[in-house]
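To keep things clear, I will list the structure first and then write my remarks on it.
The values are calculated or read from the model by the stated rules, or taken from the named source; none is laboratory data. Fair warning: this is a prediction, and the values are worked out from it, not measured in the lab. Note: ideal-geometry Cβ built from the backbone for every residue, glycine included; neighbour counts use all protein chains shown. We work out accessible area using only protein heavy atoms, side chains counted, and drop any ligands, DNA or RNA first. Shrake-Rupley method; radii C 1.70, N 1.55, O 1.52, S 1.80 Å.
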Amino acid sequence: MRDTLRVGAVNVQGLRTAHKRIRFFQTFLSSYFQILLISDTHCRTPEEADLWTRELVAFRCQGLFAAENPTAIIWKDSAGIGPPLAVNPFTRFFPPPHRTTDMVISLNDVPTHLMAVYAPVGQSERIDFFELFYDQLDTIHYRQHIWGGDWNCVLEDTLDSTLPPSTLDPSRVLLDRCLQAVQASDSYRMLYPTARGVTNFMRANVAERRLDRIYLTGPLQASLSEADVHVGMHLAERSTHCPVSVAITLVHSRLRDRTTFKLGLHTLAIPWVQEYIRGELQAFVPQASTASGHWSELKRVLISASRQASHLAARMARRDPHFSQVPSKELHARLPSGLYSEDSVSLSLRLRRVQQQAVLPPLRRTPESAP
């Protein structure tokens with residue numbers, strides 16, 4: 001499996017024209033996206049869904065299309081994600097008309113729920129859609145979600161729209177409720193909290209907005225390394241939407257087997273790193289069913305936090321040249337006791353030592369929990 005998984009989302013505004021559809025499949029194959037969450041396909045019949053799926057195979061890709069469902073998920077054989085663990089575990093319980101397509105794959109050995117969404121354009125229909133969406137959330141029980149598509153509303157007018165709305169859109173309150181129910185975060189806003197961005201470009205006097213977004217939950221938030229709005233990229237002809245994407249850092253099995261990890265002092269000095277490690281482990285420990293699963297999760301969390309913090313540290317260093325010139329003694333002063341090292345370059349964290357130094361107080365090592 002690759003080091004990074006790149007997932008995109010785009011509104012294609014119809015794929016029923018054969019020429020447009022084939023060009024779209026060709027463009028996807030040559031792009032760096034490995035999985036694409038598609039909205040507004042205009043797929044109408046079972047025969048169309050079957051034809052489009054068979055056409056994808058010729059491009060060394062796989063896909064989920066369905067009749068009377070404007071969403072789809074396609075992925076490259078080279079993505080290495082294997083066959084889905086489940087298909088439409090959410091959509092099959094959703095009352096028609098279906099406006100979602102979902103599947104479950106394994107990322108970092110954790111079942112991960114991917115879903116393409118196309119919310120209705122009309123406000124009243126969109127309100128009904130998000131209410132039903134919320135009601136169906138108890139049918140899925142996964143820690144990791146990647147939800148992307150055209151949500152047809154924005155949550156931040158000043159950043160995600162070129163024109164102020166005439167009235168408050170109540171549907172976005174309902175969308176926010178759905179996202180909070182699974183603790184999902186807007187991937188673009190995670191990396192660019194104050195950046196303006198739009199994904200669809202309309203005629204004059206009509207707002208350009210960032211309608212297309214990808215949301216992440218759980219450990220995937222810490223594995224996010226890139227989030228982009230690809231203005232100027234045309235995956236689908238005659239679409240007024242540009243694609244958005246995320247890059248998620250994957251953990252190789254050879255890294256999951258390690259018991260020692262090196263985190264630079266600059267990385268550990270970032271306040272949220274230690275809190276993230278503590279919070280993730282404290283949340284996981286009560287749910288641990290076996291000792292082996294317990295320690296495997298400890299390793300995964302340390303790797304994930306280290307990588308995400310390293311990306312953040314690199315961005316901080318680029319923005320602030322003095323960041324990398326902080327004296328070692330000052331860095332040491334920022335670290336809690338037990339995470340101190342005379343080595344000013346890196347610090348080795350061994351799971352045994354971390355626990356024994358009570359850096360993670362809830363974990364009490366017993367003979368039964370030994371790795």
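Filtering the stretch 33-79 to residues that are out of contact with any Gly (no Cβ under 8 Å at 6 or more places or on another chain) and of a type in the set (Gly, Ala, Ser) leaves ALA49, ALA58, GLY63, ALA66, ALA67, SER78, ALA79. Taking first residues from the stretch 196-210 that are within 15 Å of TRP151 (Cβ to Cβ) and at pLDDT below 85 and partners that are among the basic types (Lys, Arg) and assigned to a loop (DSSP other than H, G, I, E, B), the Cβ contacts under 9 Å between residues at least 6 apart in sequence or on separate chains come to GLY197/ARG210.
Assess whether VAL229 counts as being at pLDDT 90 or above, under 24 Å from LEU29 (Cα atoms), buried (at least 21 other Cβ atoms within 10 Å of the Cβ) and not aromatic (Phe, Trp, Tyr). So that I can check it myself, show each step before the final result.
Details: at pLDDT 90 or above: yes; under 24 Å from LEU29 (Cα atoms): yes; buried (at least 21 other Cβ atoms within 10 Å of the Cβ): no; not aromatic (Phe, Trp, Tyr): yes.
The answer is no for VAL229.
Based on what the data block shows, is THR240 out of contact with any helix residue (DSSP H, G or I) (no Cβ under 7 Å at 6 or more places or on another chain), surrounded by fewer than 19 Cβ atoms within 10 Å (Cβ to Cβ) and at pLDDT 90 or above? Before the answer, list the steps.
Values: out of contact with any helix residue (DSSP H, G or I) (no Cβ under 7 Å at 6 or more places or on another chain): yes; surrounded by fewer than 19 Cβ atoms within 10 Å (Cβ to Cβ): yes; at pLDDT 90 or above: yes.
Yes, satisfied.
For the criterion of being modelled with pLDDT of 90 or more and either under 19 Å from the mean Cα position of the chain (by Cα) or over 26 Å from ASN108 (Cα atoms) (or both), LEU163 fails.
Here are some residues: TYR134, TYR188. Which one is modelled with pLDDT of 90 or more, aromatic (Phe, Trp, Tyr) and surrounded by fewer than 19 Cβ atoms within 10 Å (Cβ to Cβ)?
Details: TYR188 fails: surrounded by fewer than 19 Cβ atoms within 10 Å (Cβ to Cβ).
Among TYR134, TYR188, only TYR134 is modelled with pLDDT of 90 or more, aromatic (Phe, Trp, Tyr) and surrounded by fewer than 19 Cβ atoms within 10 Å (Cβ to Cβ).
Filter the stretch 115-128 down to the residues that are over 19 Å from CYS242 (Cβ atoms), free of Cβ contacts under 8 Å to residues at least 40 places away in the same chain and not small (Gly, Ala, Ser) and list them by number. It would help to see each step written out before you state the result.
Filtering the stretch 115-128 down to residues over 19 Å from CYS242 (Cβ atoms) leaves 115, 120, 122-128.
Applying the additional criterion that residues be free of Cβ contacts under 8 Å to residues at least 40 places away in the same chain yields 120, 122, 124-125, 128.
Answer for the stretch 115-128, where residues must be over 19 Å from CYS242 (Cβ atoms), free of Cβ contacts under 8 Å to residues at least 40 places away in the same chain and not small (Gly, Ala, Ser): PRO120, GLU125, ASP128.
Restricted to the stretch 134-151, and to residues there that are assigned to a loop (DSSP other than H, G, I, E, B) and in contact (Cβ under 8 Å) with a residue 12 or more places away in the chain, the residue that is nearest to ALA116 (Cα to Cα) is TRP151. Search the stretch 139-149 for residues being open to solvent by 10 Å² or more (accessible area, probe 1.4 Å) and under 16 Å from the mean Cα position of the chain (by Cα), and hand back the single one that is farthest from VAL104 (Cα to Cα). Selected residue: ARG143. It is to be established whether one or more residues within the stretch 67-75 are in contact with a helix residue (DSSP H, G or I) (Cβ under 6 Å, 6 or more places away or on another chain), farther than 22 Å from GLU226 by Cβ, surrounded by fewer than 22 Cβ atoms within 10 Å (Cβ to Cβ) and not β-branched (Val, Ile, Thr). Yes, the stretch 67-75 has at least one match.
If you go through the stretch 150-171 and keep only what is more than 20 Å from LEU37 (Cα to Cα), surrounded by 20 or more Cβ atoms within 10 Å (Cβ to Cβ) and not acidic (Asp, Glu), you end up with just SER171.
Regarding ASP128, is this residue open to solvent by less than 10 Å² (accessible area, probe 1.4 Å), of a type in the set (Asp, Glu) and either modelled with pLDDT of 90 or more or within 19 Å of LEU37 (Cβ to Cβ) (or both)?
Working: open to solvent by less than 10 Å² (accessible area, probe 1.4 Å): no; of a type in the set (Asp, Glu): yes; either modelled with pLDDT of 90 or more or within 19 Å of LEU37 (Cβ to Cβ) (or both): yes.
No; evaluated as a whole, the condition is false for this residue.
Note on the stretch 12-129: enclosed strands (runs of 3 or more DSSP E) holding 3 or more residues that are touching an Asp or Glu at 6+ places or on another chain (Cβ under 7 Å) are 110-118. Of all residues in the stretch 24-66, exactly one satisfies the criterion of being within 16 Å of TYR118 (Cβ to Cβ), open to solvent by 20 Å² or more (accessible area, probe 1.4 Å) and within 20 Å of the chain's Cα centre (by Cα), namely LEU64. Of PRO89, PRO84, PRO120, PRO95, all but one fail to be crowded, with 16+ Cβ neighbours inside 10 Å and more than 20 Å from LEU179 (Cβ to Cβ); the exception is PRO84.
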